[in-house]
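Worksheet: the structure to be examined is printed underneath.
Laboratory data are not the source of any read-out in this text; all were calculated from the coordinates shown. From a predicted model like this one, the values you see are computed outputs, not experimental measurements. Methodologically, a virtual Cβ is constructed for each residue, glycine included, from the backbone with ideal geometry; neighbour enumeration extends over all protein chains shown.
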Amino acid sequence: MSNYLPLPEKYRQHINLKKLFKADGSYVRPAEDPVTMWAIQILATLKLLISLL
């Protein structure tokens, strides 16, 4: 899994998630936490699915 996900800005700026990302959108932690990355991917997928409705 890459260190950068094409995550929408609103998720990177969300109060509970913004501490996980640098200004360029890369992940802050040196070792990616699989559960957090999984949750972020789900959020991005849900955003895409909702936009298709």
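Can you give the extra length, in nm with one decimal, that the chain gains between His14 and Ile50 once fully stretched, where that is 0.36 nm per residue apart less the Cα-Cα distance?
Numbers: separation 36, 0.36 × 36 = 12.96 nm, distance 1.84 nm.
Difference between extended and current length: 11.1 nm.
Count charges around Ala23 for me, please; just the other residues with Cβ under 14 Å from its Cβ, Lys/Arg as +1, Asp/Glu as -1.
Working: positive: Arg12, Lys18, Lys19, Lys22; negative: Glu9, Asp24.
The answer is +2.
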